[in-house]
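Below is one structure, written out as structure tokens; the observations come after it.
The values are calculated or read from the model by the stated rules, or taken from the named source; none is laboratory data. Remember, it's a predicted structure, so these values are computed and weren't measured experimentally. Note: ideal-geometry Cβ built from the backbone for every residue, glycine included; neighbour counts use all protein chains shown. Note: areas computed on protein heavy atoms with side chains; ligands, DNA, RNA excluded. Shrake-Rupley method; radii C 1.70, N 1.55, O 1.52, S 1.80 Å.
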Amino acid sequence: NGLGIRSISDITATFSCKLWWNFRTSLQLWVRYFASRYGSHVPHPCCIQLKQSDSLVWKRMLGAHQMVEDKMQLLILQGNGSFWYEDWAGMGCLAKDKLHIPGKHLQLRDLFKNGTWLLTDMAGSLSLQEQNKVLSSKFLLTAGCDKLAWKPMPNGDFSLLSAYNIIRKKHAVL
């Protein structure tokens, strides 16, 4: 099965995925620095736009962010995740491709009270399919912070091997 030599660009992309995962899931000092440096002006990290003056590490992270975000899902506990920007219903980011987003900072718990969705102000911003999916989504709000899970792994934990395999498949030659 070959010599076992891995592409350096695939390895770099894999570690860029790990950086983005850590940026989104940890509160380490470097994460707080990058968040304040690059993301303090946007409602969610997914809204950050690449700028020419950004650091090389940040550019690498932004290059990996979409692939990583597509493989993340929010596990709801307290409902403190973003209604618009987290994949909490398995549909991806609801804000994607929307020109107008009412209540950019809305959390799930703001719109889900006593087992009922309060979507009257959102109805015009959601497609019929999105509305139906949201209305069919039920959960029990409990103590604890919402948590991001890595969908390719059954336990929800990020792994370099699973990220590498995803990246490798993107570049497979038939």
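For the stretch 29-174, the Stokes-Einstein estimate of translational diffusion at 37 °C and a viscosity of 0.692 mPa s comes to 192 µm²/s, using the Kirkwood hydrodynamic radius over alpha-carbon pairs. For the stretch 2-43, the list of trypsin sites (Lys or Arg not before Pro) that fall in a loop by DSSP and count at most 13 other C-beta atoms within 10 angstrom reads Arg6.
For Lys51, the solvent-accessible surface with a 1.4 Å probe is about 90 Å², rounded to the nearest 10. Charges were assigned to the Cβ only: +1 to each Lys and Arg, -1 to each Asp and Glu. The resulting dipole of the stretch 15-89 about its Cα centre is roughly 320 debye. Counted over all Cα-Cα pairs of the stretch 1-58, pairs farther apart than 13 Å make up 69 percent. Spin-label model, Val42/Lys98: points 7 Å from Cα along the beta carbon direction are separated by 1.6 nm. Carbon and sulfur: what percent of the chain's accessible surface (1.4 Å probe)? Its accessible area is 57 percent carbon and sulfur atoms.
Within the listed set His44, His100, His65, the Gaussian network model of the chain (springs between alpha-carbon atoms below 10 Å) gives the highest mean-square fluctuation for His100.
A Stokes-Einstein calculation at 10 °C with viscosity 1.306 mPa s, built on the Kirkwood radius of the stretch 1-113 over Cα pairs, returns a diffusion coefficient of 101 µm²/s.
Using only side-chain charges placed at the Cβ, +1 for Lys and Arg and -1 for Asp and Glu, the dipole size of the stretch 72-117 relative to its Cα centre rounds to 120 debye. Separation of the stretch 103-170 and the stretch 1-69, taken as the distance between their Cα centroids, equals 21 angstrom. Based on the Kirkwood approach, the hydrodynamic radius assigned to the stretch 121-174 is 15.0 Å, with every pair of different Cα atoms included. Normalised by the residues of the chain, what does the relative contact order come to in percent, with Cα pairs under 8 Å and at least six apart? Relative contact order comes out at 27 percent. Dipole magnitude for the chain: computed about the Cα centre from +1 point charges on Lys and Arg Cβ and -1 point charges on Asp and Glu Cβ, it is near 380 debye. Among Phe139, Phe83, Phe15, the residue with the largest mean-square fluctuation in a Gaussian network model of the chain, with springs joining Cα atoms closer than 10 Å, is Phe139. As a test of the formula, what do you get for the chain when each DSSP H run with n ≥ 4 contributes -39,500 (n - 2.57) and the sum is divided by the residue count, at 222 nm and rounded to the nearest 500 deg cm²/dmol? About -11500 deg cm²/dmol. In order along the stretch 24-33, the phi-based Karplus estimate (6.51 cos²θ - 1.76 cosθ + 1.60, θ = phi - 60°) of 3J(HN,Hα) comes to 7, 10, 10, 10, 4, 4, 5, 5, 4, 5 Hz; Gly and Pro are listed as x.
The heavy atoms of Cys46 offer some 30 square angstrom of accessible surface to a 1.4 angstrom probe.
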